[in-house]
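In what follows, a structure is listed as structure tokens, so that the remarks can point back to it.
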Amino acid sequence: MITALAGGVGAARFLRGLVAVVPPERTTAIVNTGDDLVLHGLYICPDLDTVTYTLAGVIDPATGWGRAEESWRVMDQLGRLGGRTWFRLGDMDLATHLYRTQRLSEGVGLSVVASELAAAWELDVRMLPMSDDPVRTVLRVPGQGEVSFQDYFVRQHHDVTVESVSFAGVEDAAPAPGVLDAVAAADAIIICPSNPIVSIGPIVAVPGMRQALESRRERVVAISPIIAGAAVKGPADRLMRELGHDASVVGVARLYGALAGTLVIDRADEDLAGAVEAQGIRVVITETLMSTPAVAADLARAALASVLG
Ligand code: GDP
Ligand code: CA
């Protein structure tokens, strides 16, 4: 069994490669829910949906989120009414949030809903939220106090300075059913190329997860989301710097060193391999920019080979 810790877009691209090289029914994705939000009374799970839509082949390839060939009639009407439209929800996408919200209101756990949605898309990958309990990523921004993740990321285009990041509710959150077993029983555990602070950070912060990963460290391989000192997309590099980390593969190695025995870095960072290994983590050097599904599949193969031999 292969288990992957996943955020949104970076993770989804990687997972599409992973399921091309291992049977999807032997694959479990443990997905960040710190980005979740309630808007218009609807329960929205951006990372779970990005991963699900990508594996289903219905993701909008231009944005990496939402549905391809989407229409926006509801948002247009909402705008005319003066409603909140900064978080865009397409017409087809809304069906997912309606379904999820209704099922949750019936008392069903988020992990059950996630597997129902995956089944509706005929996915064989096991899709698990990190927790069925609410955890909210909160960022402290000078002059604004605490800001919710989607306010920071979408409304403010992550164009503000962040002083600190916390995961509200995480102390009281339990790993979703199956999550700890998926770590304990995996032949390989992959930390996807996701934002280490706000995508992987919340998953590791769920009680029991850090210890579970540390005890499997030799089977854990991480893929750096930082290439040549920059995030491929999004604020990972800036967030790392602002929170006092080196925005480089060495900074990633320091963040993941206690959890992962191996770090996959890009050829562009070959000169830093020694500095990464000095952090006590093995290095694999390969192409990590997933410009095509074939590159993502090769990356998955390299990551798996590093722990499975
Ligand atoms: P989000 O929830 O949509 O922000 O998604 P993730 O946290 O999963 O992904 C964002 C991270 O993925 C960013 O830090 C990017 O640098 C990284 N990323 C995106 N595409 C690639 C890629 O092709 N290769 C690598 N190595 N990292 C990537
Ligand atoms: Ca996310």
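Key figures for this structure:
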quantity: Total formal charge among the other residues, if their Cβ is under 15 angstrom from that of D298, Lys/Arg +1 and Asp/Glu -1; calculated: +2
quantity: The range 29-75 - accessible surface per residue (Å², probe 1.4 Å); calculated: 36 Å²
quantity: Cα gyration tensor shape for the range 201-264, rounded if a/c is under 1.5, else prolate or oblate; calculated: prolate
quantity: Charge dipole (debye, nearest 20) of the chain; +1 at Cβ of Lys and Arg, -1 at Cβ of Asp and Glu; calculated: 80 debye
quantity: Computed lengthening from E214 to A294, 0.36 nm per intervening residue step minus Cα-Cα distance; calculated: 25.7 nm
quantity: Rounded to 5, the percent of DSSP beta bridges in the chain classed as antiparallel; calculated: 40 percent
quantity: Charge dipole magnitude, Cβ of K and R +1, D and E -1 - the range 116-231, Cα centre, debye nearest 20; calculated: 340 debye
quantity: Relative contact order of the chain, defined on C-alpha pairs under 8 angstrom at six or more residues apart (%); calculated: 20 percent
quantity: Long-range HN-HN contacts of N195 with modeled amide H, under 5 Å; calculated: G8, I200
quantity: Extension gain, V38 back to V108 (0.36 nm per residue minus Cα-Cα distance, nm); calculated: 23.5 nm
quantity: Sorted peptide list for 222-230, 179-187, criterion being average Cβ within 10 angstrom, highest first; calculated: 222-230, 179-187
quantity: Cα long-axis angle, helix 293-308 against the chain (0 to 90 degrees, to the nearest 10); calculated: 50 degrees
quantity: Carbon + sulfur, % of accessible area of the range 1-81 - ligands and nucleic acids excluded, 1.4 Å; calculated: 53 percent
quantity: Where the range 144-285 is the region considered: accessible area per residue in Å², 1.4 Å probe; calculated: 40 Å²
quantity: Cα-based convex hull, the range 135-293, per residue volume (Å³, whole number); calculated: 121 Å³
quantity: Net charge dipole size for the range 192-309 [Lys, Arg +1 and Asp, Glu -1 on Cβ; Debye, nearest 20]; calculated: 400 debye
quantity: For the range 87-173, with +1 on Lys and Arg beta carbons and -1 on Asp and Glu, the positive-most of T137, L123, V147 along the dipole; calculated: V147
quantity: Computed over the range 9-100: relative contact order in percent, which uses C-alpha pairs under 8 Å that are six or more apart; calculated: 23 percent
quantity: Square roots of five times the Cα gyration tensor eigenvalues for the range 73-136, Å; calculated: 26, 14, 11
quantity: For the range 120-203: relative contact order, % (alpha-carbon pairs under 8 angstrom, 6 or more apart); calculated: 34 percent
quantity: Positive minus negative residues near S224 (Lys, Arg vs Asp, Glu; Cβ under 10 Å); calculated: -2
quantity: Global geometry of the range 77-191, whether rounded, prolate or oblate, following the gyration tensor of its Cα atoms and the 1.5 cut on a/c; calculated: oblate
quantity: Pairwise centroid distance, computed over Cα atoms, of the range 240-269 with the range 34-63, Å; calculated: 27 Å
quantity: Calculated on alpha-carbon atoms, Rg and Dmax of the chain in Å; calculated: 18.5, 59
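The values are calculated or read from the model by the stated rules, or taken from the named source; none is laboratory data. Nothing here was measured: the structure is a model prediction, and the numbers come from that model. Because the Cβ atoms are built from the backbone with ideal geometry, glycine has one as well, and the counts that use them run over all protein chains shown. Ligands, DNA and RNA are stripped out before the accessible areas are found, and what is left, the full protein with its side chains, is counted by its heavy atoms. Shrake-Rupley method; radii C 1.70, N 1.55, O 1.52, S 1.80 Å.
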